[in-house]
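The values are calculated or read from the model by the stated rules, or taken from the named source; none is laboratory data. On a predicted model such as this, the values are computed, not experimentally measured, just so you know. In this analysis, Cβ positions are derived from the backbone assuming ideal geometry, glycine residues included, and neighbour counts consider all displayed protein chains.
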């Protein structure tokens, strides 16, 4: 039994949810999102709550149960509060600069790294070593943050690179003489 799947998703005031044509649509103050319904799971919208149950007792249905509930919760959270990730850049000469729909990174390569900001996301650089990514779609926010981080992952000796805020970098001891 899925502990996550058992809990219904509360639909707060100001948010509308609908189940039509195999798609779950959620509209709120920050925008609208939709998710394709999985055939192995049944959905019910009643009393301002959306509940998810497995359609049958197969392993596949049970495995989709909690995941679908979490994806629906992410839709509701996205249209009400939104999601954000913060990246921190560490290293001499490493910096970031948001210019319109482009993000320019200087990461010690012979060239600058220019990244196009995906539609629906907002990127801010409050200072040269911090990048804040925000949007209503959790998957897009996380994917773009991972793409930025991939350019220079933090290394374990000096800790140089791009890391998530709050991420712990396991540090290794250097060579001994």
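How many residues does segment 107-126 contain that are over 25 Å from residue 29 (Cβ atoms), touching a strand residue (DSSP E or B) at 6+ places or on another chain (Cβ under 9 Å) and not in a strand (DSSP E or B)?
3
With respect to the numbered conditions (1) surrounded by fewer than 16 Cβ atoms within 10 Å (Cβ to Cβ); (2) over 16 Å from the mean Cα position of the chain (by Cα); (3) in contact (Cβ under 8 Å) with a residue 12 or more places away in the chain, which one is the sole condition not fulfilled by residue 126?
Tallying (1) surrounded by fewer than 16 Cβ atoms within 10 Å (Cβ to Cβ); (2) over 16 Å from the mean Cα position of the chain (by Cα); (3) in contact (Cβ under 8 Å) with a residue 12 or more places away in the chain, residue 126 fails exactly one: (3).
Which one of these does residue 95 not meet: (1) within 30 Å of residue 29 (Cα to Cα); (2) surrounded by 14 or more Cβ atoms within 10 Å (Cβ to Cβ)?
Just one mismatch for residue 95, condition (1).
Restricting to segment 132-158, give me the number of residues that are crowded, with 19+ Cβ neighbours inside 10 Å and closer than 22 Å to residue 77 by Cα.
Of the residues in that region, 8 qualify.
Kindly state which strands (runs of 3 or more DSSP E) lie completely within segment 1-84 and contain at least 3 residues that are more than 22 Å from residue 138 (Cα to Cα) and not assigned by TED's automatic domain parsing to the domain that holds residue 121.
41-46
Condition first: farther than 30 Å from residue 67 by Cβ and part of a strand (DSSP E or B). Now tell me which residues in segment 127-146 satisfy that.
Scanning segment 127-146 gives a single hit, 130.
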